[in-house]
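What follows is calculated from the coordinates using simple rules that are stated; it is not laboratory data. Worth saying up front: this structure is predicted, and the values here are computed from it rather than measured. Heads up, the Cβs are rebuilt from the backbone with ideal geometry, glycines too, and the neighbour counts pull from every protein chain shown.
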Amino acid sequence: MDRLIIGLGNPGTKYHHTRHNIGWDTFEELTFSNELRWTEKFKGQYSVHSYGVDKIYFLKPQTYMNLSGESVQQLMNFFKIGIDNILVVHDELDLPFGTIAFKKGGGLAGHNGLKSITEKLGSQEYKRLRIGIGRPVHGDVSNWVLSGYEGVDKDFFRHYLKAAAEALEEYIKLGFDKAATTYSKKKVI
């Protein structure tokens with residue numbers, strides 16, 4: 001069975017290791033990340049990883065967050081991957097930093113990447129790996145998601161990414177339901 005895992009983020013070095021790019025950053029911590037060979041196509045970068053007889057496609061849309069659906073739709077159509085076989089890895093304001101949760105469907109919570117994917121697919125009933133970034137105590141949400149980590153969050157950032165990558169690998173090996181049972185708003189740091 002072919003599956004697609006989309007990591008949401010924005011292209012460009014100034015967005016690297018910002019809250020909005022935690023989906024992309026998680027890919028870097030996979031135990032097999034050095035085996036992933038990225039190809040520029042479908043308005044993004046994609047790689048294929050074999051797991052048994054399954055092919056796992058990884059996609060990093062290069063369209064900026066609010067147009068991510070264009071990249072997702074192109075790859076899904078080309079490789080004929082159904083909506084039931086996609087997982088979107090994204091930052092989540094409504095979960096505290098250090099918390100991971102799998103979810104199927106549901107609201108978009110103002111997330112422009114999810115909005116774009118939903119518009120292009122005509123459904124929001126796709127699977128998600130939500131990686132909590134929390135909400136800012138003061139200030140604008142846009143500035144918050146595009147900023148880097150500071151203080152205690154910065155100290156635990158790498159550990160957090162490794163935990164998110166472990167959750168992603170559990171999904172690959174055991175499937176959505178088992179991974180979702182283990183990571184149901186699980187505080188990992």
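What about G122, is it surrounded by fewer than 13 Cβ atoms within 10 Å (Cβ to Cβ), within 22 Å of L59 (Cα to Cα) and free of Cβ contacts under 8 Å to residues at least 60 places away in the same chain? Criteria met by G122. Against the test of being out of contact with any Cys (no Cβ under 9 Å at 6 or more places or on another chain), under 30 Å from E150 (Cβ atoms), of a type in the set (V, I, T) and not in a helix (DSSP H, G or I), the options T26, T63 yield a single qualifying residue, T63. Filter segment 64-84 for residues that are of a type in the set (S, T, N, Q) and within 15 Å of the chain's Cα centre (by Cα); which is surrounded by the fewest Cβ atoms within 10 Å (Cβ to Cβ)? Only one residue tops the list, namely N66. Residues in segment 126-142 that are outside any strand (DSSP E or B), at negative phi and not hydrophobic (A, V, I, L, M, F, W, C) were compared, and the one that is farthest from the chain's Cα centre (by Cα) is H138.
Remark: pairs (first residue in segment 134-160, free of Cβ contacts under 8 Å to residues at least 24 places away in the same chain; second residue among the hydrophobic types (A, V, I, L, M, F, W, C) and buried (at least 16 other Cβ atoms within 10 Å of the Cβ); Cβ separation under 7 Å; 6+ apart in sequence or on different chains) = P136/W144.
Each residue in segment 7-23 was checked for being of a type in the set (S, T, Y) and part of a helix (DSSP H, G or I), and 2 of them qualify. Here S123 meets each of (1) outside any loop (DSSP other than H, G, I, E, B); (2) farther than 28 Å from Y149 by Cα with one exception, condition (1).
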